[in-house]
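For reference, the structure is listed below as structure tokens.
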Amino acid sequence: MRPVRSFPRLSPAERRVWNAYPTGAWVDLRTGDPEEDDPARGAGWGPERTVRAEVLAALLRGARQAAQGGTAGLRLAGARVTGPLDLSDATLTGKLHLLNCHLAGAVSLSDATAVGVRLRGCDLERVRATRCTVKGLLDFDGSTVHAGIRLDNAEVNGQLRLSRMRLSAPGERLKPGANWMEDTRRTISPEEARERRLDQVRHALWAGGLTVTGATFMRDTHVTGGLRLIGAKLRSGIYLQGSVITATGPHAVTADMLECGSAEFSAGFTATGTIRMRGARVGGTLSFSDATLKAPGRVLHLSHAQVDEVILTPESIEGEVNLGYSRIGVLLDRPDAYPGGVHLNGLVYEALRGPWSVAERLSWVSRDPDGYRPQPYEQLAAWYRRIGHEPDARRVLLAKQRDRRGTLRPAGRAWGGLLDLVVGYGYRPWLAALWAVVLLTAGTVAFGAVPPVKIDPEEVRVFQPFTYTLDLLVPVSVFEQRGAWEPVGWTRWLAWTLIVSGWILATALISGAARVLRPGPAA
């Protein structure tokens, strides 16, 4: 293969790189002084450590062949790379491995195909790798990227490493008309730009549609701006333990429709801004254990998601949580994980874990910012039934009826209050027995002190206060005492009260029994 381009005026440093490429040997331009070799100071490095980006691009595009029996590769340490490293649309002929290098220009791998790319401990201005394919490791460990990384619709058939980084969103504002890719037939007005948030770049990592077959590691990384992972497929999971994300917009993480094996926002993870994972699919654990989460409004948006296990035990959390319409296998949480409102309507779970009392779970399901919703109560009661805690399930359903009462009209609230008082909406039938004992005792004592008058003087009957009171309480006369005796004086009011109370008790018991015996939600 003939060289794509020759460079007759290579500097000594460039000549070393040029000669080492066919065998993939390392070229180390570092001095050995850690302070002097810090790539953040790379702009001041002299010509003995300076390599033009076009020389590197020519090598990776095939300017030199691999040595016989060797493997070509670009392995360079401690270099100042000048100019943009443009590898767009290229098929790289060897691995790219830069260590402790300073690159003032953008690195472009858009639509490129590479065997492996490693930019470790480097100081980079910007990386564009949209739609690229890396058949191996894509590694930015320990690097600083000042104006963001773009991995939209990229495919990594290996691991993606973004640990120990310093990653910032682009600081420039995008004004309509300033983009060279803008459609001249459709001008974007300033109002539309603001509505679509085109007036400011807010994401430090753009990775919508990214596919990674190996694990994605982003541990101990400091991010200024957001992570955009909409529709990404991270099949072996994403791990952000110890990372700190400070959002410049509303969202620290935007990961709608994310698919991953597991997601660890844990062990010191800190986010200032919303973590949005609407419609995400997590086949393993989604953990916020010992995390610090803070947002002015909604701190966690996990609605319409499917997760095998959610661990919501943060070190601290500020903001509202939305778990609505999600399906969760195991939910491990604590009462202090919901300092603001919590949306639970439509949430379905297989098991609950954590140091909760029934009273705390009742408070949990009643704190929906949108008001009363029956489904969270029914789901909680179904879980208590499934684990054999029938009294707790009945307590939850009673609380549901009490909260529902506040949504009814005055007549419905009055009847509901009466049902609650008499039989606890049917979930406390012993209340009816208690009321019956109280009324029977009161009637027996009162009618024993002030006996009623016999209606038919010729009829031979012996008055029994207890039997007479019981006959008044039963809606249908059983002992034929009502027609034989007539109360006198103030006991008439007592007799009428007992008759009315008997009807109320019977109606309440029937209504409560119908509610209790009605088929409940599937467990």
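Some values worked out for this structure:
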quantity	calculated
Pair list, Cβ < 7 Å and 6+ apart or interchain, from region 347-366 residues that are over 18 Å from residue 304 (Cα atoms) to residues that are of a type in the set (Lys, Arg) and part of a strand (DSSP E or B)	none
Qualifying positions in region 195-206 - open to solvent by 70 Å² or more (accessible area, probe 1.4 Å) and either under 18 Å from residue 166 (Cβ atoms) or modelled with pLDDT under 60 (or both)	196, 197
Among (1) assigned to a strand (DSSP E or B); (2) more than 18 Å from the chain's Cα centre (by Cα) - the single one residue 250 does not satisfy	(2)
Residue in region 209-228 that is within 18 Å of residue 322 (Cβ to Cβ), touching a residue at least 12 places away in the same chain (Cβ under 8 Å), surrounded by fewer than 24 Cβ atoms within 10 Å (Cβ to Cβ) and of a type outside the set (Asp, Glu) present	no
Count of residues meeting criterion [open to solvent by 20 Å² or more (accessible area, probe 1.4 Å), closer than 17 Å to residue 269 by Cα and in a loop (DSSP other than H, G, I, E, B)] in region 314-335	1
Any pair with Cβ under 9 angstrom, 6 or more apart, that starts in region 116-127 at a residue that is free of Cβ contacts under 8 Å to residues at least 60 places away in the same chain and aliphatic (A, V, I, L, M) and ends at one that is open to solvent by 10 Å² or more (accessible area, probe 1.4 Å) and assigned to a strand (DSSP E or B)	117/95; 117/97; 119/97; 119/99; 124/102; 124/144; 127/108; 127/150
So residue 291, is it open to solvent by less than 20 Å² (accessible area, probe 1.4 Å), among the aliphatic types (A, V, I, L, M) and in contact (Cβ under 8 Å) with a residue 40 or more places away in the chain	no
Cross-chain or 6+ apart pairs with Cβ under 9 Å, region 300-326 first and touching a residue at least 40 places away in the same chain (Cβ under 8 Å) and closer than 23 Å to residue 370 by Cα, then surrounded by fewer than 23 Cβ atoms within 10 Å (Cβ to Cβ) and among the basic types (Lys, Arg)	303/278; 319/294; 319/298; 320/298
Residue check for residue 94: at pLDDT below 95, of a type outside the set (Lys, Arg), closer than 21 Å to residue 63 by Cα and in contact with a strand residue (DSSP E or B) (Cβ under 7 Å, 6 or more places away or on another chain)	yes
Filter result for residue 266 (in contact (Cβ under 8 Å) with a residue 40 or more places away in the chain and among the hydroxyl-bearing types (Ser, Thr, Tyr))	yes
Region 336-354, residues that are open to solvent by 30 Å² or more (accessible area, probe 1.4 Å) and over 15 Å from residue 312 (Cα atoms)	345, 348, 350
Among the residues listed as 357, 363, 262, the single one being of a type in the set (Ser, Thr, Tyr) and buried (at least 17 other Cβ atoms within 10 Å of the Cβ)	262
Tabulated pairs, region 386-407, first modelled with pLDDT of 80 or more and among the aliphatic types (A, V, I, L, M), second part of a helix (DSSP H, G or I) and open to solvent by 60 Å² or more (accessible area, probe 1.4 Å), C-beta under 8 angstrom, 6+ apart or interchain	393/385
Among residues of region 271-288, those that are open to solvent by 10 Å² or more (accessible area, probe 1.4 Å) and either within 15 Å of residue 251 (Cβ to Cβ) or of a type in the set (Lys, Arg) (or both), counted	5
Complete set of residues in region 367-387 that are out of contact with any Leu (no Cβ under 7 Å at 6 or more places or on another chain), open to solvent by less than 60 Å² (accessible area, probe 1.4 Å) and part of a loop (DSSP other than H, G, I, E, B)	371, 372
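Residues checked against (1) farther than 17 Å from residue 162 by Cβ; (2) under 14 Å from the mean Cα position of the chain (by Cα):
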residue: 208; (1), (2): no, no
residue: 218; (1), (2): no, no
residue: 228; (1), (2): no, no
residue: 232; (1), (2): no, no
residue: 237; (1), (2): no, no
residue: 257; (1), (2): yes, yes
residue: 266; (1), (2): no, yes
residue: 285; (1), (2): yes, yes
residue: 291; (1), (2): yes, yes
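The values are calculated or read from the model by the stated rules, or taken from the named source; none is laboratory data. Computed from a prediction, not measured in an experiment: that's the story for all the values here. All Cβ positions, even for glycine, are placed from backbone atoms using ideal geometry, and neighbour counts span all protein chains on display. Note: areas computed on protein heavy atoms with side chains; ligands, DNA, RNA excluded. Shrake-Rupley method; radii C 1.70, N 1.55, O 1.52, S 1.80 Å.
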